[in-house]
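Peer 1: Input: one structure, supplied below.
The values are calculated or read from the model by the stated rules, or taken from the named source; none is laboratory data. Bear in mind that the values here come from a model prediction, so they are computed numbers and not experimental data. Heads up, the Cβs are rebuilt from the backbone with ideal geometry, glycines too, and the neighbour counts pull from every protein chain shown.
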Amino acid sequence: MSRQMHRSKGFTLIELLVVIAIIATLVAILLPAVQQAREAARRSTCKNNLKQIGLALHNYHDTFNRLPAGLTSPGVPEKPGWGWGASILPQLEQGALFDALRVGDVPLRSLYTTTATDQVRALLQAPIPVYRCPSDVMPELNSNDWGHPSTGRPFKVATSNYTGMGEHEGQVFAYSGSGPRWRGVFYFESYTKFSDITDGLSNTIFINERDGGPAANGQNFRAAVWIGSGSRSSNEWWAVGSNLSRGDLGINVDYAAAGQNENLGKGISSLHKGGAQVLLGDGGVRFLSESMDIDGTLSRLCRRSDGEVIGEF
């Protein structure tokens, strides 16, 4: 028997290169599909988060016959105040955190200080999964637009990806000497009742997404925080950047690219391709296209009682 009959066959260099090329091609084909599947799962989780928030808001309304305020009175201008996200903690199975913070009983301004204890800091930095969209890239702690230059930012607080729709009217904050001026559901001392939403719950945005993804010039969309607002200010900057939104600023609009950094992180935004999800008053969650007409359908959905009811959208 010849020695050639006992020689084991191997792959030639060309055969190896062909195999590698085939594998690379399969990866190139499959990777986008895998990424799309992962994003679909993240978007589904985000949708479930909004549904849970919707149930919590309805349970709160059932209990108190009104919705929580978008921002409670800090008592002192340019000081932190509790927001809607802190008010519904018990309805989100976060009653222990609510009780530990004494939301509504102790002013937030007395907790968020340079002398805050480690225990208080940990409470204000507590991550709440239902307030985070898994598609977002923002760290767990957020300092963007939190606090105020006159009072400083002693430490970062927990991030949220959901804000209450305020929809401003003119260049005033949620409250002025003549009373509330915002046309959305959540604003300063709002305490909106379902009966106040005359356009119908299914036609009114309650909560929307806000991401912390990249924007132009090294900026980011800033995301939000769940505890409330860093201050109450006459130009409405701080509350909107913290836990409220303006519908007139569109969806996924990068205002840093337009040189309007003051409007960045005040509108509706997400890292879901093509738009963002919103929670309607009836508990439904809808995906709104970033190309939606700001002055038409979007603005109508953001207002609670402008008399313009949307049909299909």
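Peer 1: Among the residues of the range 186-218, what is the count of those that are surrounded by fewer than 20 Cβ atoms within 10 Å (Cβ to Cβ), part of a loop (DSSP other than H, G, I, E, B) and among the charged types (D, E, K, R)?
Peer 2: Total satisfying the criteria: 3.
Peer 1: With the structure loaded, tell me whether Gly228 is within 20 Å of the chain's Cα centre (by Cα), crowded, with 17+ Cβ neighbours inside 10 Å and more than 23 Å from Pro68 (Cα to Cα) or whether it fails that test. Steps first, please.
Peer 2: Working: within 20 Å of the chain's Cα centre (by Cα): yes; crowded, with 17+ Cβ neighbours inside 10 Å: yes; more than 23 Å from Pro68 (Cα to Cα): no.
Judged against the criteria, Gly228 is not a match.
Peer 1: For the range 131-146: of the residues being acidic (Asp, Glu) and either under 16 Å from Arg121 (Cβ atoms) or modelled with pLDDT under 90 (or both), which is surrounded by the most Cβ atoms within 10 Å (Cβ to Cβ)?
Peer 2: My answer is Asp145.
Peer 1: Being over 21 Å from the mean Cα position of the chain (by Cα) and among the small types (Gly, Ala, Ser) is the filter; apply it to the range 268-313 and report the residue that is modelled with the lowest pLDDT.
Peer 2: Gly311
Peer 1: May I pose another question? Residues of the range 76-114 being among the aliphatic types (A, V, I, L, M) and assigned to a loop (DSSP other than H, G, I, E, B), which ones? Please lay out each step first, then the result.
Peer 2: Taking the range 76-114 first, the residues among the aliphatic types (A, V, I, L, M) are 76, 86, 88-89, 92, 96-97, 100-101, 103, 106, 108, 111.
Those that are among the aliphatic types (A, V, I, L, M) and assigned to a loop (DSSP other than H, G, I, E, B): Val76, Ile88, Leu89, Leu111.
Peer 1: Taking only the range 292-313 into account, find how many residues are among the hydroxyl-bearing types (Ser, Thr, Tyr) and not in a loop (DSSP other than H, G, I, E, B).
Peer 2: If we filter the range 292-313 for residues that are among the hydroxyl-bearing types (Ser, Thr, Tyr), which is where we start, we get 297, 299, 305.
Next, only the ones that are not in a loop (DSSP other than H, G, I, E, B) stay: 297, 299.
Number of matching residues: 2.
Peer 1: Of the residues that make up the range 47-64, is at least one in contact with a Leu (Cβ under 7 Å, 6 or more places away or on another chain) and at pLDDT below 95? Spell out the reasoning first.
Peer 2: Filtering the range 47-64 down to residues in contact with a Leu (Cβ under 7 Å, 6 or more places away or on another chain) leaves 50, 52-54, 56-57, 60-61.
Now drop any that are not at pLDDT below 95, which leaves none.
No: zero hits.
Peer 1: With the condition kept exactly as written, say whether any residue in the range 234-250 is part of a loop (DSSP other than H, G, I, E, B), at pLDDT below 85 and surrounded by 18 or more Cβ atoms within 10 Å (Cβ to Cβ).
Peer 2: There is at least one residue in the range 234-250 that is part of a loop (DSSP other than H, G, I, E, B), at pLDDT below 85 and surrounded by 18 or more Cβ atoms within 10 Å (Cβ to Cβ).
Peer 1: For the subset of the range 262-291 comprising residues that are part of a loop (DSSP other than H, G, I, E, B) and of a type in the set (D, E, K, R), which member is surrounded by the most Cβ atoms within 10 Å (Cβ to Cβ)?
Peer 2: Lys266
Peer 1: Looking at (1) at pLDDT 90 or above; (2) in contact with a Leu (Cβ under 9 Å, 6 or more places away or on another chain), which one does Tyr187 not meet, given that it meets all the others?
Peer 2: (1)
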